[in-house]
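The values are calculated or read from the model by the stated rules, or taken from the named source; none is laboratory data. These numbers come from a predicted model, not from an experiment. Because the Cβ atoms are built from the backbone with ideal geometry, glycine has one as well, and the counts that use them run over all protein chains shown. In case anyone asks, the SASA skips ligands and DNA or RNA and just uses the protein heavy atoms, side chains included. Shrake-Rupley method; radii C 1.70, N 1.55, O 1.52, S 1.80 Å.
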Amino acid sequence: MDIIINLIGIALFVAVILWFWVMPTKASSSVVSGNEIINILVEDGTYKPNLVKTVVGQSITLRFIRKDSSPCASIVIFDGLDVSKELPINQPVEIKLMISQPGEYKFTCQMGMYQGVLIAT
């Protein structure tokens, strides 16, 4: 009986690892020019779109709309930009950015399960 319980536990552990870190998610992109506002929906464990492109030196506004009640979805953090914001459920939160250096800037939840990329060229 102990072996069966251990095997079920291992299977669940592997399923969690696959679900959050291994299974690829479809990237959807938005190409930005000028002062556009990009809506990013936070639901079902993902950011939609999770790939946003912008031009260096141009202002961009990302409007996050959180539909997911998971506590992990409550904050978005931008690596390399020193920006983070709380995301209340069903309340749009706008983050205005001006990227000065080309590169890829990840945005994630505090645990890294929700993942997106902002590419500045």
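A few notes on this one:
- Subset of the stretch 93-113 (residues that are in contact with an Asp or Glu (Cβ under 8 Å, 6 or more places away or on another chain) and either of a type in the set (S, T, N, Q) or not in a strand (DSSP E or B) (or both)): THR108
- Scanning the stretch 33-55 for residues that are open to solvent by less than 50 Å² (accessible area, probe 1.4 Å) and touching a residue at least 60 places away in the same chain (Cβ under 8 Å) yields ILE40, VAL42, GLY45, THR46, TYR47, PRO49, ASN50, LEU51, VAL52, THR54.
- Subset of the stretch 66-79 (residues that are open to solvent by 40 Å² or more (accessible area, probe 1.4 Å) and in a strand (DSSP E or B)): ILE75, ILE77
- Some residue of the stretch 81-92 being at pLDDT 90 or above, open to solvent by 40 Å² or more (accessible area, probe 1.4 Å), part of a strand (DSSP E or B) and basic (Lys, Arg): yes
- Residue check for SER100: modelled with pLDDT under 90, loosely packed, with under 12 Cβ neighbours inside 10 Å and farther than 18 Å from VAL117 by Cβ: no
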